[in-house]
1. Any idea what angle helix 297-306 forms with the longest principal axis of the chain, computed on alpha-carbon atoms, 0 to 90 degrees, nearest 10?
2. What order do you get for 11-20, 357-366 when each peptide is scored by the mean count of other beta carbon atoms within 10 Å, highest first?
3. If each residue of separation counts as 0.36 nm, what is the full-extension length gain between GLU125 and ALA10 once their alpha-carbon separation is subtracted?
4. Counting alpha carbon pairs within less than 8 Å and at least 6 residues apart, what relative contact order, in whole percent, applies to the chain?
5. Run lengths n ≥ 4 of DSSP H only: what is the helix-derived mean residue ellipticity at 222 nm for the chain, with -39500 (n - 2.57) per run over all residues, to the nearest 500?
6. I need the peptides 52-63, 138-149, 342-353 ranked by packing, meaning the mean over residues of other C-beta atoms within 10 angstrom, with the highest value on top.
7. Return ASP403, ASP210 ranked ascending by Cβ neighbour count within 10 Å, so the fewest neighbours appear first.
8. Please give the length that would be gained between ASP249 and ALA229 if that part of the chain were fully extended, namely 0.36 nm times their separation in residues minus their C-alpha to C-alpha distance (nm, one decimal).
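Throughout, read-outs are computed from the coordinates displayed, never taken from laboratory work. Please read these numbers as outputs of a predicted model, since none were measured by experiment. For neighbour counting, all protein chains shown are included, and Cβ atoms are generated from backbone atoms with ideal geometry for every residue, glycine included.
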Amino acid sequence: MLVNPKRVRALTKESQAKGPVIYWMSRDQRVNDNWALLYAKELAQKQDSYPAVAFCLVPEFLGASGRQYRFMLQGLKEVEKNLKALNIPFFLLLGDPGKEMARLLSEIGAGALVSDFSPLRLNREWKAAVAGEMEIPFYEVDAHNIIPCWFASPKQEWAAYSFRPKVNRLLFEFLDEFPALQKSPERKSPTGKDAIESDWAAAKGYLRGDAYFDADAAPEAKWTMPGEAAAMKLLRHFLEHKLIGYERDRNDPNIDGQSGLSPYLHFGQISAERVALQVLKGMKDAGAFLEELIVRKELSDNYCYYNQHYDDILGYPAWAIKSLAEHEKDRREYLYTQQELEKARTQDDLWNAAMQEMLQTGKMHGYMRMYWAKKILEWTVSPAAAHAIAVYLNDRYELDGRDANGYAGIAWSLGGVHDRAWKERAIFGKVRYMNYKGAKSKFDVPSYINKWSLSDE
Ligand code: FAD
Ligand code: FO1
């Protein structure tokens, strides 16, 4: 048994069907350490067939711009290269997954379909559309979480303290080494055509609006090389130079103390389980980092999976909805529109610097994200407006955006999700407050502002 059966669940009735097993890759865009790909391989062997991989490119995705699509497509080219070395065919489809996936399955006479797992609404809709057309078995494998989301808890967890014991109890069973992915025997390409390179130029041309990108333009996010190899290199760098100081440095936006892994984890170019395994090999008391990488990250999936309002204010706990409503009409000292905030032109130089960091690099420091989001609540007409603006900016500019961590992070900041009630105050009600003075007590605010604000400010 290659893959723990608890990581797999059947989305349609199971049956034995001849033909290749397709892994519909979406969230976990990597060849190494990928339970969904390993399961497709295992199923193919059982059915005396072979595995293949398909990725369906959609022209727009939750506000992603050229910045994110460039990062993703570069990573997918590496996936295709790595699969070729294993004689595993790769199909790049363009269009609506519901239609394109169904067409591919019938074209090559697939015997089964395997998908990875995402708690987000859009991915669940894609899967429902494909499942509706299927006669062959369709399996879902959680290749993103260490503990399969549906297994870690049967319900929405209210905070990390109630989720952590469940994670700790199950880790020993799921935090295990990955089996190596064996090379498939040489074979003619399944569609009769020679296994050719995918048409990446057509893929880029297929993108719409500002999802399209000019590949020759200098990548704004200079600090990131996309892909599996770059992700593993960054992990090694983090383990050697930064993990030891992580607990001390991670909340200081002037220190490059975080791992930098979130874009790679978001696009699935590295497995969180691989990160945890390597951390544990190197250092015993990496508790602070593992808390974020395992408890916090998997709590975000739990939130998005069990709460259909994960990206709006109705997802907040009742106490927060009530107290924010009671303060909805409180006077706002400053009021900004989405456009003004997007230009990082407020009266608060610290907030503007954080927004500039997001605009310029595609990755705002983790500590600043809390302050950044909470100020949007303070300076907009209503909690609902604040939530929509925070999601829009986060999904449009963050490389790691459009992610369960982002929806949970914004809901924590604006609506007390996974947090407790605090002393009541204007506008925030009982939602935890953060201010400039607090930030100044934590780190050297002027140097952060100098680093990120634009010279003409
Ligand atoms: P590290 O500190 O090195 O953490 C390693 C990994 O642990 C991260 O990549 C992430 O997967 C996980 N992690 C760390 N902190 C958290 C957290 N608070 N919640 C959940 N998982 C965490 N994270 C995203 O991946 N995408 C987002 O769009 C996003 N938006 C956020 C918005 C707000 C308002 C807030 C408060 C947090 C948001 N986060 C988001 C969570 C966190 O800020 C980032 O995961 C982290 O800054 C990413 O940088 P890193 O990988 O270098 O972090
Ligand atoms: N997944 C796909 O299957 N097809 C896409 O075209 C696609 C685009 C995309 C753009 C930005 C981004 O952040 C993620 C994107 N994903 C795409 C990723 C994937 O859908 C993940 O499953 C989601 O991020 C949900 O977790």
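1. Approximately 80 degrees, to the nearest ten.
2. The most tightly packed comes first, giving 357-366, 11-20.
3. 39.8 nm
4. 18
5. -13500 deg cm²/dmol
6. My ranking of the peptides, most packed first, is 138-149, 52-63, 342-353.
7. ASP210, ASP403
8. Going from the current span to full extension adds 4.6 nm.
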